[in-house]
Amino acid sequence: MPPTDESTDAGIARAPRADPGSGSTDHAATGSDPRPSTDCEDTLDLRLTDELIALFAADTGDRDGAGEGTAAYGTPDGAPGGDLYSSSYGSSGRDPYGSPGPFPVEDDLLDQVGGWGPAKTPAGVFQLVPVRSGRDVALVHRWMNDPAVAEFWELAGPETVVEDHLRRQLDGDGRSVPCLGVLDGTPMSYWEIYRADLDPLARHYPARPHDTGVHLLIGGIADRGRGLGSTLLRAVADQVLDRRPACARVVAEPDLRNTPSVSAFLSGGFRFSAEVDLPGKRAALMIRDRALRDLL
C-alpha cells in the first residue's frame, strides 16, 4: 500500500468512542459509522492485578538511568533551553500555565511520557505535554467539534463529552496518556499514547509485550494537508522507541477509509502490516519497528 499523499487529516488514528450507555470507551471502536459494538470490554476497564503492576514498575525502575545526559524532565543534549522554552509548553518540564510544579510523570506503564521532553523536527521544536483536564478541555473540545475530526473521533457535543473522555484516562492506571502536541510553543494537536498490548486492540493482532499505540488529530485546518502529520508521527514514534527501551514496535490502527491518515503513517516511517476488523471499523494496522526505524 504505497503512500498516495504526504498529507494528514484530523482523523488520524481515531480515538476511543465513549459508550453513552456504559460510560466506557474503547480504543479499538473506531470509524464514522455508529455501529453497535460487540466488544464491551473497555481499555480502561481492564484492571491490572497488583502483581502485574508491580512487575511493570520494577521493569521501568531497572531503566531509570537510561536518560543520563538529559535534564530532569527530558530536555535533550544540545537542545535549546532556557529562553526558548521560558514562556511555552516546552519549559523544561514546567507547567506552561505558570504552576511551579513539573508535568506529571507517574505514568509508569508508559515510562513517564510527561518527562520525554522536546524533540527537534524539520517543522520546529515539538513536545508532548500531558493534558490537564481543567486547563485543556476547552481547546480539545473545540477540536473535537470540527466536522472533519468528529467524523472519526466521534467526541463532538457538549464539553462534558470531552471532559469525561479525558478523565477516564487521567484517572486510570497510566496505560493511556492524553497529551497536547506543542510545536514551537503553540498547542496544535492532540495525542493519546497507550499500551497497545494492554488494550482491547491486542485481541485483534499478534501483540507483543510493551507494544505502544498512538492516536493523533491535527487541531488547526491550516496545519492539515501539508505533511506535518507525517513529520510529527515520525518524531513521536522515535521518542517512544528512545524513551521506552522495552518497546520494539509502535502501532496504530487508522480507518482504512481515511486515506490521508494511512498515507501520513506510511510517510512517517510506519509500514502497513494488515487489515484488521475492529468493532466499528475496518482498520489498517500500521507498525513502526525498532529494527527498521533507520530504513523507513
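Every read-out reported here was derived from the displayed coordinates using simple, explicitly stated rules and does not represent laboratory data. Computed from a predicted model, the values in this text were never measured in an experiment. Counting neighbours? That spans all protein chains shown, and the Cβs are built from the backbone with ideal geometry, glycine included.
Here is the figure for region 247-281: residues that are without any contact (Cβ under 8 Å) to a residue 40 or more places away in the chain and either more than 17 Å from HIS210 (Cβ to Cβ) or in a loop (DSSP other than H, G, I, E, B) (or both) total 6.
Those residues that are in a loop (DSSP other than H, G, I, E, B) and either without any contact (Cβ under 8 Å) to a residue 12 or more places away in the chain or of a type outside the set (A, V, I, L, M, F, W, C) (or both), I need them from region 103-131; list them, please. Within region 103-131, PRO104, GLU106, ASP107, ASP111, GLN112, GLY117, PRO118, PRO122 meet the criteria.
Residue-by-condition table, conditions (1) more than 19 Å from ASP111 (Cβ to Cβ); (2) surrounded by 21 or more Cβ atoms within 10 Å (Cβ to Cβ); (3) of a type in the set (A, V, I, L, M, F, W, C); (4) over 12 Å from the mean Cα position of the chain (by Cα):
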site	(1), (2), (3), (4)
THR212	no, yes, no, no
GLY225	yes, no, no, yes
LEU232	yes, yes, yes, no
VAL250	no, yes, yes, no
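Applying the criterion of at least 1 residues that are basic (Lys, Arg) and surrounded by 17 or more Cβ atoms within 10 Å (Cβ to Cβ) to the helices (runs of 4 or more DSSP H) found wholly in region 132-188 leaves 159-170. When ASP238 is tested against the conditions (1) buried (at least 24 other Cβ atoms within 10 Å of the Cβ); (2) assigned to a helix (DSSP H, G or I); (3) touching a Lys or Arg at 6+ places or on another chain (Cβ under 8 Å), the lone failure is (1). Pairs meeting the criteria (first residue in region 213-225 and farther than 17 Å from GLU154 by Cβ, second residue outside any loop (DSSP other than H, G, I, E, B) and among the β-branched types (Val, Ile, Thr), beta carbons under 7 Å, at least 6 apart or on different chains) are GLY213/VAL251; VAL214/ILE193; VAL214/VAL236; VAL214/VAL250; ARG224/ILE218. Evaluate the following for ARG208: is it of a type in the set (Lys, Arg), touching a residue at least 12 places away in the same chain (Cβ under 8 Å) and surrounded by 22 or more Cβ atoms within 10 Å (Cβ to Cβ)? So ARG208 fails the test.
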